[in-house]
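J.: Before I ask anything, let me first share the structure, which is written out below as structure tokens.
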Amino acid sequence: GYPYKITLKDGTFSGYEGHLTADGIAGSFTVNNPESGQSFWSGSASAAKADIFSGLIQGLRLEITPSQNGIILKEITGKFIDGLLKGKIEIVTSGPATKLITDLGLENASSKSGDLDISIGRADFNFSGALTESSLPQGTGKFSFSGLNVKKEGLDSIYSGGFSARTSGETLFLEGGFIRNKDKSELRFSGQMENTSGGDRNLRLSIPDFT
């Protein structure tokens with residue numbers, strides 16, 4: 001009888017033509033009596049690693065609960081680019097197309113390539129769009145960052161900035177972008193990245209002026 005307990009261990013997942021995969025999945029879910037007045041089901045899950053559109057997340061953990069319109073993934077944490085990824089994702093299934101709404105933050109991330117060191121204190125990404133089987137989620141969002149530190153051959157600068165994002169097919173458009181240094185000088189830009197979910201990406205930027 002109710003409640004039912006469902007346990008997952010060492011599972012795998014692959015979807016959206018391989019653009020979303022996860023390994024080492026574990027979790028525990030409770031299914032309640034629909035007449036009890038409680039949520040029909042809820043639970044928590046983790047994955048040793050997850051690859052989301054070529055972005056590798058390690059040690060992913062999250063809570064999963066149903067909503068009136070779909071599913072909410074909350075209390076998300078994981079390691080991404082050596083930083084802490086956290087936030088919430090809502091998956092809306094009540095409309096004609098499944099919709100994804102994200103509210104994610106990244107703290108203290110870093111990357112090194114040759115003599116170039118890049119670290120970032122904080123980045124935030126919000127997006128809302130429809131999921132498709134063959135391309136990027138189609139929608140709009142905003143990205144902002146602060147405490148971006150770039151070090152290379154004596155260069156040591158700290159920046160902040162942001163841009164609006166829009167997807168169409170396999171193309172990611174960057175609009176209203178800016179990068180500001182500690183002296184308040186700004187570099188404005190816009191651009192687009194083609195074949196974003198594939199391996200052969202093509203990024204084009206337009207920089208109209210420098211103030």
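The values are calculated or read from the model by the stated rules, or taken from the named source; none is laboratory data. None of these values were measured; they are calculated from a predicted model. Heads up, the Cβs are rebuilt from the backbone with ideal geometry, glycines too, and the neighbour counts pull from every protein chain shown. Heavy atoms of the whole protein, side chains included, go into the accessibility calculation; ligands, DNA and RNA do not. Shrake-Rupley method; radii C 1.70, N 1.55, O 1.52, S 1.80 Å.
J.: Hey, can you tell me all the residues within segment 118-146 that are assigned to a loop (DSSP other than H, G, I, E, B) and either of a type in the set (A, V, I, L, M, F, W, C) or under 13 Å from the mean Cα position of the chain (by Cα) (or both)?
T.: At the first step, the residues of segment 118-146 found to be assigned to a loop (DSSP other than H, G, I, E, B) are 131-137.
Scanning segment 118-146 gives L131, L136, P137.
J.: Condition check: over 15 Å from the mean Cα position of the chain (by Cα) and closer than 30 Å to L155 by Cα. Does I64 satisfy that? Steps first, please.
T.: Working: over 15 Å from the mean Cα position of the chain (by Cα): yes; closer than 30 Å to L155 by Cα: no.
Here the answer is no, as I64 does not meet what is asked.
J.: While we're here: Considering only residues that are more than 17 Å from the chain's Cα centre (by Cα), closer than 24 Å to E107 by Cα and open to solvent by less than 60 Å² (accessible area, probe 1.4 Å), which ones fall in segment 147-175?
T.: Selection gives G147, L148, N149, V150, S157, S160, G161.
J.: Output the number of the condition that N126 fails; it satisfies all remaining conditions of (1) at pLDDT below 95; (2) within 23 Å of G87 (Cβ to Cβ).
T.: Going through the list (1) at pLDDT below 95; (2) within 23 Å of G87 (Cβ to Cβ), N126 breaks only (1).
J.: Right, another one. Report yes if F189 is modelled with pLDDT of 95 or more, at negative phi and surrounded by 15 or more Cβ atoms within 10 Å (Cβ to Cβ), otherwise no. Walk me through how you get there before you give the answer.
T.: Details: modelled with pLDDT of 95 or more: no; at negative phi: yes; surrounded by 15 or more Cβ atoms within 10 Å (Cβ to Cβ): yes.
Against the criterion (modelled with pLDDT of 95 or more, at negative phi and surrounded by 15 or more Cβ atoms within 10 Å (Cβ to Cβ)), F189 does not qualify.
J.: Among the residues of segment 72-83, is any closer than 27 Å to K142 by Cα and touching a Pro at 6+ places or on another chain (Cβ under 8 Å)? Full working, then the answer.
T.: Start the filter on segment 72-83 by keeping residues that are closer than 27 Å to K142 by Cα, which leaves 72-83.
Still in the list and also touching a Pro at 6+ places or on another chain (Cβ under 8 Å): 72.
Scanning segment 72-83 turns up at least one residue that is closer than 27 Å to K142 by Cα and touching a Pro at 6+ places or on another chain (Cβ under 8 Å).
J.: Separate question: F143 fails exactly one of the following numbered conditions: (1) open to solvent by less than 40 Å² (accessible area, probe 1.4 Å); (2) out of contact with any His (no Cβ under 9 Å at 6 or more places or on another chain); (3) hydrophobic (A, V, I, L, M, F, W, C). What is the number of that condition?
T.: Unmet condition: (1).
J.: Within segment 46-74, which residues are touching a residue at least 24 places away in the same chain (Cβ under 8 Å) and among the acidic types (D, E)?
T.: D51, the sole residue that qualifies.
J.: For segment 136-150, state whether one or more residues are in contact (Cβ under 8 Å) with a residue 60 or more places away in the chain and not acidic (D, E). Show your work before the answer.
T.: Step one: of segment 136-150, the residues in contact (Cβ under 8 Å) with a residue 60 or more places away in the chain are 136.
Next, only the ones that are not acidic (D, E) stay: 136.
Yes, segment 136-150 contains at least one residue that is in contact (Cβ under 8 Å) with a residue 60 or more places away in the chain and not acidic (D, E).
J.: Filter segment 110-122 for residues that are under 22 Å from F163 (Cα atoms) and either open to solvent by 50 Å² or more (accessible area, probe 1.4 Å) or touching a Ser or Thr at 6+ places or on another chain (Cβ under 7 Å) (or both) and give the result. Give the steps one after another, and end with the answer.
T.: Step one: list which residues in segment 110-122 are under 22 Å from F163 (Cα atoms), which gives 110-111, 118-122.
Of everything in segment 110-122, those that are under 22 Å from F163 (Cα atoms) and either open to solvent by 50 Å² or more (accessible area, probe 1.4 Å) or touching a Ser or Thr at 6+ places or on another chain (Cβ under 7 Å) (or both) turn out to be S110, S111, I118, S119, G121, R122.
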